[in-house]
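Heads up: the structure comes next, in structure tokens.
Just so you know, all these numbers are worked out from the coordinates, no wet-lab data involved. What you see is a predicted model, and the numbers here were worked out from it, not measured in a lab. Don't worry about glycine lacking a Cβ; one is built from the backbone with ideal geometry, like all the others, and counts go over all protein chains shown.
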Amino acid sequence: MTEQEYNQAEGIRRSDLWKMEDSPEKFKYFLENPDEKSPALIFGSACHKYVLEKDSFIDEYAVSPRDINRRTNAGKEMWEKFCAENPGKEIISADDYDTMIEMRAALMKCPLAKKLLTGKGQTEIPLFWTDKETGEKCKAKLDRLVTYRRRKYIVDYKTTAAADTFHFNSSIWKFGYHFQSGMYAEGLKAVTRMKKLPGFLFVAQEKKPPYSVNVIEVSEEVMNAGVAKFHQLLEKYHNCKALDVWQGYVTDVPNDSFVPTWMERTMEEDM
């Protein structure tokens, strides 16, 4: 299944559902007014494709020539010709392509990451299921599904600014990766009728040299929190859709301010 076919298929995906965590109002707005892809997002998607499906990379992406000066008439003509020769493809710069080559090479130097991403297993697996509690149709696309330590594991590749365990653990909560692991695990369990949730591994790689790599396993505690968050947001989405009410940050009662955790510690130290 191509990315375009997956995007057009029925079902709510995790990147959209996660916006419900901010507010239903924002979820509905961005669903109806999708953002244009940022350079960072295009790079991440292209790198993802190159790492996991190198052989079919050119089917979806085109690398722009280095020697085109689009400020000249001749350059404009060359650019138009290049675009016409690559209809429907996402265009990336030659410099970004070089970076992807270097990142993949760095990944292949890490035996565990290489095994998880390119070893025995299935790649880019689309899942479609109906949630039993809400009746909502859901979808997910797994990067990899492998057998590791005699257990089924979902493997997800992430490019990041910091792949060390401490900082990436912060990213798990900041960007909702715990929610992603819970939703994907629930989806695989529903589709395959597994008795238990599968394991989940993140292969995280930094986007700057030396393109350091880390592999982080989602703990049972984090997975359970992710499953709970998935069902919470899906229920919120279901109720908003049923009532056609998409509330913002506040309803009829003001929200309370609070003392953040780091300030609580500071206050305790001052006492």
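All conditions in (1) small (Gly, Ala, Ser); (2) crowded, with 19+ Cβ neighbours inside 10 Å; (3) more than 29 Å from LEU52 (Cβ to Cβ) hold for GLY248, with the sole exception of (2). Assess whether LYS137 counts as being surrounded by fewer than 18 Cβ atoms within 10 Å (Cβ to Cβ), without any contact (Cβ under 8 Å) to a residue 40 or more places away in the chain and not small (Gly, Ala, Ser). So LYS137 fails the test.
Between a first residue in region 57-86 that is farther than 24 Å from CYS47 by Cβ and a second residue that is aliphatic (A, V, I, L, M) and surrounded by 15 or more Cβ atoms within 10 Å (Cβ to Cβ), which pairs have beta carbons less than 6 Å apart while being 6 or more apart in sequence or on different chains? Listed pairs, sorted by first residue: GLY75/ILE68; MET78/ILE68.
The residue pairs whose first member lies in region 181-196 and is touching a residue at least 60 places away in the same chain (Cβ under 8 Å), whose second member is assigned to a helix (DSSP H, G or I), and whose beta carbons are closer than 6 Å, counting only pairs six or more residues apart or on different chains, are MET183/ARG14; MET183/PHE230.
Listed here are the helices (runs of 4 or more DSSP H) enclosed by region 1-52 that have at least 2 residues being loosely packed, with under 11 Cβ neighbours inside 10 Å: 3-8, 39-52.
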